[in-house]
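The values are calculated or read from the model by the stated rules, or taken from the named source; none is laboratory data. Treat the numbers as computed from the prediction; the structure is a model and nothing was measured. Cβ coordinates were reconstructed from backbone atoms using ideal geometry, including for glycine residues, and neighbour counts include every protein chain displayed.
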């Protein structure tokens with residue numbers, strides 16, 4: 001009964017594929033790939049018809065049925081390969097080459113065919129249970145190959161065009177998946193399940209409508225597929241693992257079958273060891289490198305997927321973690337599967353110095369920038385293959401390999417880093433994990449990558465130099481302010497000494513002199529404290545403006561003309577640092593004294609307007625022009641005095657702004673100058689904060 005059902009099942013499949021073949025032939029009219037599809041459908045029809053015929057006549061399955069099954073699978077596999085490699089891409093400019101695919105698949109199916117023939121015509125041992133298992137393993141391998149090709153075809157088809165091929169992928173993939181299920185079950189239980197095998201014909205018949213729908217949606221079968229190297233790498237890895245697992249299972253079965261009483265023990269030990277070996281191989285960088293190189297070499301016209309390589313190169317240079325030098329080495333090394341390298345950068349000393357390494361010892365030697373080695377790299381901008389140089393030095397003209405490079409272990413390539421046509425540095429790479437032929441493509445890619453890495457490294461060098469320059473600028477600025485304060489103190493003490501002979505017997509002058517010296521000593525002490533602590537930041541505190549002005553005016557009282565203080569509003573408080581604000585007011589008073597003749601007048605006034613305290617410093621000196629006030633007065637290092645440094649007014653304005661105030665100036669060359677320091681009152685600010 002089951003035999004009759006199986007015969008009907010396979011006869012149905014034969015009729016369905018016969019109908020599909022005829023339908024495709026009548027609508028072909030020169031369309032590409034339809035011939036391959038018709039061949040696959042015809043082989044499937046012949047296989048199903050042969051099985052149905054032998055079952056209907058009660059004959060055991062013969063070599064013909066098994067051979068046609070292999071041809072059926074081969075037909076569908078070649079159809080998928082042709083879809084992955086459209087006929088219009090057969091020219092040399094195509095980035096993908098199908099010949100290795102075709103050759104590999106042809107060799108695979110040819111080996112299965114001869115193995116099947118051997119089981120029928122070979123010795124008694126060939127027809128044993130072990131030979132049966134070998135044949136079953138081959139059937140499983142065919143199913144895996146078909147599923148991998150279907151997965152490749154679907155994944156590499158653009159998402160917008162998958163609607164035209166999804167039913168064909170579902171049908172063909174389902175056919176191979178059912179075969180995998182059938183023969184995996186047979187591999188597990190050591191015999192083919194008759195019910196599953198009988199339903200196989202019906203399953204194959206079901207896929208006919210799915211293929212017909214895809215053929216109608218996409219009659220040209222031309223989808224401009226671009227095979228991804230990454231997907232091909234993972235698929236090849238998956239296929240290799242599958243083949244390894246099948247071989248491991250077959251070997252384990254052999255040990256158990258022929259091992260006698262030791263069979264189970266040997267099988268368990270072997271499977272454990274094989275599993276450990278598989279894990280080790282999967283984590284092997286050398287094997288991954290070999291597989292990548294082999295795929296690029298045998299399946300593609302170009303060695304690199306430039307989009308993927310450049311994205312990876314840029315990500316490596318931009319990611320966080322190790323220093324940029326180490327990342328630059330890694331980015332360049334990964335292009336040629338090199339496991340390590342060292343980086344040299346040209347310095348102002350005239351030498352190329354080693355600055356970074358990645359999985360390679362860092363030598364201590366220096367290479368002069370004017371050496372023949374560096375000059376060759378700069379002038380030719382070639383990638384130097386050290387092995388080729390040792391074998392054929394005449395290709396590299398006349399230059400000497402440095403001694404430190406000869407002693408560097410596993411040194412392989414020297415990649416120049418060119419910046420603005422000058423040698424910025426170079427990278428020495430270690431021998432690659434797998435053999436890579438250095439052709440024009442590899443050399444060009446390494447040269448471009450070296451230039452890109454040089455731009456990243458040069459930008460970092462410039463940023464570091466700018467940081468150092470800013471640190472020196474900050475230090476110089478602080479030093480300038482310190483020198484300015486010292487200059488004011490020296491000027492004040494010098495003025496005091498110049499009046500000693502004239503007023504030394506005057507008790508009032510003696511008192512002013514002692515007070516001036518004491519204030520100068522206190523200022524110098526505070527200045528030394530700032531320098532020793534390394535900071536010039538002082539916290540503000542509430543202070544009486546009137547008291548601060550009295551001290552500032554008293555410090556300048558020994559000068560001529562002697563400044564006068566006039567307080568219109570008493571008890572005004574502001575929030576500021578005493579020493580900093582006194583320095584600002586003192587500087588304005590000192591400038592007024594120096595700009596005013598001895599018979600002139602310098603007046604300091606304190607008034608209140610609204611919520612502000614206003615400090616005015618007036619003089620009757622020579623004044624300033626409007627052009628000077630607008631363009632030069634508040635700029636650092638601009639001064640009308642021959643011994644001036646031009647930073648006093650700039651510093652005063654900056655500090656007044658920090659307090660939330662303003663510094664205004666009004667000047668006339670006929671009547672003198674008035675500086676107005678406008679500061680917010682502390683009491684009103686404090687009350688406003690409490691209300692909020």
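Of the residues screened, residue 16 is one that is over 53 Å from the mean Cα position of the chain (by Cα), within 17 Å of residue 206 (Cα to Cα) and surrounded by 19 or more Cβ atoms within 10 Å (Cβ to Cβ).
Are any of the residues in the range 347-366 in contact with a helix residue (DSSP H, G or I) (Cβ under 9 Å, 6 or more places away or on another chain) and more than 23 Å from residue 327 (Cα to Cα)? No, that holds for no residue. Cβ-Cβ distances below 9 Å connect the following pairs, each with a first residue in the range 372-392 that is without any contact (Cβ under 8 Å) to a residue 60 or more places away in the chain, a second residue that is surrounded by fewer than 15 Cβ atoms within 10 Å (Cβ to Cβ) and assigned to a loop (DSSP other than H, G, I, E, B), and a separation of six or more residues or different chains: 372/398; 372/400; 373/400; 376/397; 376/398; 378/421; 380/397. Here residue 326 qualifies as in contact with a strand residue (DSSP E or B) (Cβ under 9 Å, 6 or more places away or on another chain), without any contact (Cβ under 8 Å) to a residue 60 or more places away in the chain and either crowded, with 17+ Cβ neighbours inside 10 Å or in a helix (DSSP H, G or I) (or both).
Considering the range 433-457, and only residues there that are touching a strand residue (DSSP E or B) at 6+ places or on another chain (Cβ under 7 Å) and within 22 Å of residue 311 (Cβ to Cβ), the residue that is surrounded by the most Cβ atoms within 10 Å (Cβ to Cβ) turns out to be 453. Residues that are farther than 16 Å from residue 379 by Cβ and free of Cβ contacts under 8 Å to residues at least 60 places away in the same chain within the range 411-436 comprise just one, 411. Across the range 408-423, a minimum of one residue is classified as crowded, with 18+ Cβ neighbours inside 10 Å, in the same structural domain as residue 325 (by TED's automatic domain parsing) and part of a loop (DSSP other than H, G, I, E, B). For the range 365-389, filtered to residues that are at negative phi and assigned to a loop (DSSP other than H, G, I, E, B), the residue that is surrounded by the fewest Cβ atoms within 10 Å (Cβ to Cβ) is 370. A single entry from 56, 92, 48, 129 fulfils the requirement of being at pLDDT 75 or above and surrounded by fewer than 19 Cβ atoms within 10 Å (Cβ to Cβ): 56.
Say whether the condition of being part of a loop (DSSP other than H, G, I, E, B), modelled with pLDDT of 85 or more and touching a helix residue (DSSP H, G or I) at 6+ places or on another chain (Cβ under 7 Å) is met by at least one residue in the range 619-628. Scanning the range 619-628, I find at least one residue that is part of a loop (DSSP other than H, G, I, E, B), modelled with pLDDT of 85 or more and touching a helix residue (DSSP H, G or I) at 6+ places or on another chain (Cβ under 7 Å), so the answer is yes. All conditions but one from (1) at pLDDT below 85; (2) farther than 22 Å from residue 364 by Cβ apply to residue 335; the one that does not is (1). For the range 48-81, a residue qualifies if it is assigned to a helix (DSSP H, G or I) and more than 54 Å from the chain's Cα centre (by Cα), and the qualifying residues are 48, 49, 50, 51, 52, 53, 54, 55, 56, 63, 64, 65.
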